[in-house]
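Encoded as structure tokens, the structure appears first; notes follow it.
The values are calculated or read from the model by the stated rules, or taken from the named source; none is laboratory data. Remember, it's a predicted structure, so these values are computed and weren't measured experimentally. Cβ atoms come from the backbone with ideal geometry, glycine included; neighbour counts cover every protein chain shown. What goes into the accessible areas is simple: the full protein's heavy atoms, side chains included, and nothing from ligands, DNA or RNA. Shrake-Rupley method; radii C 1.70, N 1.55, O 1.52, S 1.80 Å.
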Amino acid sequence: MKYDFTALELKWQAYWKANDTFVIEDDFEKPKYYVLDMFPYPSGEGLHVGHPEGYTATDIVARFKRMNGFNVLHPMGWDAFGLPAERYAMKTGIHPSITTKKNIQNFKRQLQSLGFSYDWSREINTTDEHYYKWTQWIFLKIFNSYYDKDENKARDISELPIPAELNSPEKEQERNDYIDSKRLAYIDRMPVNWCAELGTVLANEEVDEWVEKGYRVERKPMSQWMLRITEYAERLLDDLKFVDWPHGTLELQKNWIGRSEGAELDFHSEDNSKKLSVFTTRPDTLFGVTYMVLAPEHSLVDFFTTDEHKADVEKYTEAATLKSDFDRQLEAEKGAKTGIFTGGYVINPLSGEKVPVWIADYVLITYGTGAIMAVPGHDQRDYDFAKAFDIPVKFVISSDGKPYTSDSEAFTENGISIDSGFITGLKSKEAIQTMIEHLEKEKIGFGKIQYRLRDWLFSRQRYWGEPIPISTDSKSRYHYDKELPLKLPPSDDFKPAGTGESPLANILDWVEYKDDQGNTYKRETNTMPQWAGSSWYYLRFADPKNFDNLIDAKNEKYWLGDTGVDLYVGGAEHAVLHLLYARFWHKVLYDYGLVTSCEPFKKLVHQGLILGTDGSKMSKSRGNVVSPDDVVASHGADAFRLFEMFMGPLEQMKPWSERGIEGVYRFLTRVWRLYITDSGELEPGLLVETSDEKQKNENEKILHQTIQKVTEDIEKLSFNTAISQMMVFMNNATQHKNIGKLAAETFVKLLSPFAPHICEELWEKLGNKETVLSQPWPVFNKEKTQESTMEFVIQVNGKVRAKIIGEAGTSEDTLKQLALEQESVKRHIDGKEIRKIIVVKNRLVNIVV
Ligand code: ANZ
């Protein structure tokens, strides 16, 4: 009987479903393992072959852990809010919920066709009101929190200490403003990336994608909800020590948070009426300042600009606001220097010198104070700018403390201060320390730790997102919905309001409502970003049907307590933001005792990109996209899974190959033919063990080696090498046939996490009733994995002179003797005195002469 993969794959998928094989219980007595995939956005295109790569890896681990006695949580769901469905709705008028539902059905069909052991009874969907109720609930928790800097944690806003002077009844307005200014969710007016065609604001990191697609993005100041993630900067950085993540991802997280040690200090205007604060990592270069730079958006631009320079300055600042931070940084990196003199000056607080104030867009308003003291002698960007605009360069550090000058570049290393008053002669580290002490004593400035991390821009001008459950009354006071969820109102108009507001602003009877007393309220019309729903979904899987609480404490403790998710697999494109946002929300929940681990994801792995057969990224426009549906139809799900794992190391980028899929398909066909006769019976000879003792030992050795390698390799997520070992097993088994019942059964168990359908079928043919997934994982005997004969290396004075084959475990004396008998060895000893013979058991003999 031929290997009819289609029939048997459908058969076992139906069996698993009918028997709830993948449904798991919250059995708190059993050891648990939580293995999670980054849940997908259900796009209209369906799965591409990149998705199942990570999903197959986690499925192998899930099945493996289950066979090892763990209660395994292995869930799947949908990150289903998002722009594509909304854009489709704008074009077609079809409600995004309909499109989303259809796409989910398709995704689910595809995932099920691959035999993944997801517990579908725990399926979640971020657009489901029972789910987003809790997304809104967490948002309100954040809204109703402030950060207690002494205790270093979030606390309920009702516990916020109020300054005494705000306590009188007539100060109500000020008191409320004060409270609002401390909330972890707040509204701020700030320049954002506005895309008129999309009718929405884009996060910095989303800009590129849309610009590439041909959309115009401009900078525009708008009122937006912000989340105060910056309060968590230090913890987000420090707690990385608790996780087991790829090195590169840790670095990305660290860089994104961007901790810098330095000082903030003040320069005053010539008339002493204004102070200009700057952040610097090198306060030891204060005597080398030759100009100052304000970001074009800085609030003191007008103050410093003299009448004479006004027209030019206005032209410059206007042009700069059209560029995103990203563009500006890019231009700066390419060496393009633009800037303009304001005509104004400040006074250097130490030297008393007059310093000209410039405006340049290499200084960003979003970092530090939005202004810098420029030291062209020791900062290359400043140096290039000074050269371009003919500004003097002054050197105040040299490697040896002697006078120094250069005509080509800044001296950016540490060294010894020169020409710098009281810090002259000090080494950089000490000079910085001394300078900070001085600044603090003279009240000019103070030591400061600066983070690059910005607060999280949380508003989107979209319909298809979670409504923000906040309204304002006629006095612009905030009110929040006590009854959640606040549902998305029905709509058939998905065009943005055109005013910069979301389409919800058009639904007037939703936006405005009255309470029992007849007071009128106006709802927030922005919705949450797609990041919101994905910032806590891993919690929901542990208690997906809880309608009363975010998560039951017992479920949290069992599935996530102490460590969080045990293994998290997903694309490296989420290395920064998704992980950062999820960690942030997790820490807020941690502060309230709602979760018990301080980090959500213990171990993280990124699967490598799967490229097209041409070695370039798969894309519709290149026409090199491989669809899982086609592969399942032509070679079967098992071959597909096996091939995705055999292509190379999980984390590596690798191209799809037709020959490769053929290869693993042939392997599975050989497995089938080894077990099953032409008439579809179990091959009778298979279960009869050979009577040849030597072959028997050899078979046993290969079996135990295979158990060991597959077991250890799955633990290491080294799936390709596990498969290679199973191929070694198969080569021997096909050659000698009579491997016996134990080996026949064991091999099916080992292969089952990789190719579950064929293995269930073989397991059944072997006469078993239960599914192979319910079987305990095979154990190996270390002694039986040892080679019976092996190669010994014979060296003379450390140089290899002979190799001999002998019994494993040959005694030292015998080995010495054998070594000395070798002709090639004798030649090299030849009459010399033997000083020592070193024997490394089972490996080598070194004769020292
Ligand atoms: C004077 C100086 C002298 C600086 C020197 C560096 C070397 P990181 O490490 O990234 O924190 N800077 C400060 N705010 C800025 C802004 N908004 N836009 C662009 N540049 C800004 O870098 C901190 C340094 O970057 C600061 O230290 C400042 O330049 C510049 F020999 O001040 B420095």
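Does the range 810-831 contain at least one residue that is among the charged types (D, E, K, R), in contact with a His (Cβ under 9 Å, 6 or more places away or on another chain) and surrounded by 13 or more Cβ atoms within 10 Å (Cβ to Cβ)? Checking the range 810-831: not a single residue is among the charged types (D, E, K, R), in contact with a His (Cβ under 9 Å, 6 or more places away or on another chain) and surrounded by 13 or more Cβ atoms within 10 Å (Cβ to Cβ). Which of the residues belonging to the range 270-286 are more than 10 Å from the ligand (Cβ to nearest atom) and surrounded by 19 or more Cβ atoms within 10 Å (Cβ to Cβ)? The one that is more than 10 Å from the ligand (Cβ to nearest atom) and surrounded by 19 or more Cβ atoms within 10 Å (Cβ to Cβ): Leu276.
Just one residue in the set Asp307, Asp244, Asp302 is farther than 23 Å from Pro191 by Cβ, without any contact (Cβ under 8 Å) to a residue 60 or more places away in the chain and more than 16 Å from the ligand (Cβ to nearest atom); that residue is Asp307. If you go through the range 58-77 and keep only what is more than 21 Å from Ser534 (Cβ to Cβ), of a type in the set (A, V, I, L, M, F, W, C) and buried (at least 21 other Cβ atoms within 10 Å of the Cβ), you end up with Ile60, Val61, Phe64, Val72. Checked against (1) surrounded by 14 or more Cβ atoms within 10 Å (Cβ to Cβ); (2) modelled with pLDDT of 95 or more; (3) within 30 Å of Ala185 (Cβ to Cβ); (4) within 35 Å of the chain's Cα centre (by Cα), Thr472 meets all criteria but (4).
Phe267 fulfils the conditions (1) of a type outside the set (S, T, N, Q); (2) within 16 Å of the ligand (Cβ to nearest atom); (3) under 17 Å from Pro349 (Cα atoms); (4) open to solvent by 30 Å² or more (accessible area, probe 1.4 Å) except for a single criterion, (4). Restricted to the range 476-570, the set of strands (runs of 3 or more DSSP E) holding at least 1 residues that are open to solvent by less than 30 Å² (accessible area, probe 1.4 Å) comprises 520-523, 565-569.
Across the range 677-714, the number of residues qualifying as farther than 20 Å from Glu783 by Cβ and part of a helix (DSSP H, G or I) comes to 6.
When Val289, Val313 are checked against the criterion of being open to solvent by less than 10 Å² (accessible area, probe 1.4 Å) and within 12 Å of the ligand (Cβ to nearest atom), Val289 stands alone in meeting it.
Are any of the residues in the range 436-452 touching a helix residue (DSSP H, G or I) at 6+ places or on another chain (Cβ under 8 Å), of a type in the set (D, E, K, R) and either within 16 Å of the ligand (Cβ to nearest atom) or modelled with pLDDT under 95 (or both)? Yes - at least one qualifying residue is present in the range 436-452. Of all the listed residues (Ser97, Ser121), the sole one being open to solvent by 40 Å² or more (accessible area, probe 1.4 Å), at pLDDT 95 or above, part of a helix (DSSP H, G or I) and closer than 13 Å to Trp464 by Cβ is Ser97. Going through (1) within 14 Å of the ligand (Cβ to nearest atom); (2) of a type outside the set (Val, Ile, Thr); (3) over 30 Å from Ser399 (Cβ atoms); (4) touching a residue at least 40 places away in the same chain (Cβ under 8 Å) one by one, Glu331 falls short only on (4). Of the residues that sit in the range 209-258 and are under 18 Å from the mean Cα position of the chain (by Cα) and of a type in the set (Val, Ile, Thr), which one is farthest from Leu580 (Cα to Cα)? Filtering the range 209-258 for residues that are under 18 Å from the mean Cα position of the chain (by Cα) and of a type in the set (Val, Ile, Thr), the one farthest from Leu580 (Cα to Cα) comes out as Val243. So if I check each of Phe422, Phe395, which one is loosely packed, with under 15 Cβ neighbours inside 10 Å and under 22 Å from Val355 (Cα atoms)? Of the residues listed, the single one that is loosely packed, with under 15 Cβ neighbours inside 10 Å and under 22 Å from Val355 (Cα atoms) is Phe422.
Might you let me know whether the range 676-683 holds any residue that is touching a residue at least 12 places away in the same chain (Cβ under 8 Å) and buried (at least 21 other Cβ atoms within 10 Å of the Cβ)? The answer is no; no qualifying residue exists. Quick check on the range 370-386. Is at least one of its residues more than 19 Å from Lys275 (Cα to Cα), surrounded by fewer than 21 Cβ atoms within 10 Å (Cβ to Cβ) and more than 9 Å from the ligand (Cβ to nearest atom)? Looking through the range 370-386, at least one residue is more than 19 Å from Lys275 (Cα to Cα), surrounded by fewer than 21 Cβ atoms within 10 Å (Cβ to Cβ) and more than 9 Å from the ligand (Cβ to nearest atom).
With respect to being in a loop (DSSP other than H, G, I, E, B) and β-branched (Val, Ile, Thr), Ile104 falls outside the description.
For Thr366, the requirement of being within 12 Å of the ligand (Cβ to nearest atom) and surrounded by fewer than 21 Cβ atoms within 10 Å (Cβ to Cβ) is met. Taken as a whole, the structure leaves Tyr581 outside the set of residues that are farther than 16 Å from Arg235 by Cα, in contact (Cβ under 8 Å) with a residue 60 or more places away in the chain and outside any loop (DSSP other than H, G, I, E, B).
Pairs only if they're at least six apart or on different chains, beta carbon under 7 angstrom, first in the range 823-844 and over 14 Å from Asn797 (Cβ atoms), second open to solvent by 70 Å² or more (accessible area, probe 1.4 Å); list them, first residue then second. These pairs meet every condition: Val839/Glu812. Yes or no: Asp361 closer than 20 Å to Ser277 by Cα, within 40 Å of the chain's Cα centre (by Cα), buried (at least 22 other Cβ atoms within 10 Å of the Cβ) and within 9 Å of the ligand (Cβ to nearest atom)? Spelling it out, it is not the case that Asp361 is closer than 20 Å to Ser277 by Cα, within 40 Å of the chain's Cα centre (by Cα), buried (at least 22 other Cβ atoms within 10 Å of the Cβ) and within 9 Å of the ligand (Cβ to nearest atom). Output the number of residues of the range 55-64 satisfying the condition of being out of contact with any helix residue (DSSP H, G or I) (no Cβ under 9 Å at 6 or more places or on another chain) and within 16 Å of Ser718 (Cβ to Cβ). Result for the range 55-64: 1.
Phe389 meets the stated requirement of being aromatic (Phe, Trp, Tyr) and either farther than 20 Å from Val278 by Cα or within 12 Å of the ligand (Cβ to nearest atom) (or both). The strands (runs of 3 or more DSSP E) found wholly in the range 140-207 and carrying at least 2 residues that are open to solvent by 20 Å² or more (accessible area, probe 1.4 Å) and within 22 Å of Asp473 (Cβ to Cβ) occupy 185-195. All of Glu353, Glu413, Glu430 fail the test of being farther than 25 Å from Ser273 by Cα, more than 14 Å from the ligand (Cβ to nearest atom), out of contact with any Phe, Trp or Tyr (no Cβ under 8 Å at 6 or more places or on another chain) and not small (Gly, Ala, Ser), apart from Glu430. The selection criterion, being outside any strand (DSSP E or B), open to solvent by 20 Å² or more (accessible area, probe 1.4 Å) and either in contact (Cβ under 8 Å) with a residue 24 or more places away in the chain or not small (Gly, Ala, Ser) (or both), holds for Glu251.
Looking at this structure, is Gln110 out of contact with any Phe, Trp or Tyr (no Cβ under 9 Å at 6 or more places or on another chain) and under 26 Å from Phe601 (Cβ atoms)? It is true that Gln110 is out of contact with any Phe, Trp or Tyr (no Cβ under 9 Å at 6 or more places or on another chain) and under 26 Å from Phe601 (Cβ atoms). One residue is enough: does the range 208-217 have a residue meeting the conditions of a type outside the set (D, E, K, R), part of a helix (DSSP H, G or I) and farther than 23 Å from Ile138 by Cβ? Yes, because at least one residue in the range 208-217 is of a type outside the set (D, E, K, R), part of a helix (DSSP H, G or I) and farther than 23 Å from Ile138 by Cβ.
Residues considered: Asn781, Asn797, Asn846. Of these, the only one that is modelled with pLDDT of 90 or more and under 30 Å from Ala744 (Cβ atoms) is Asn781.
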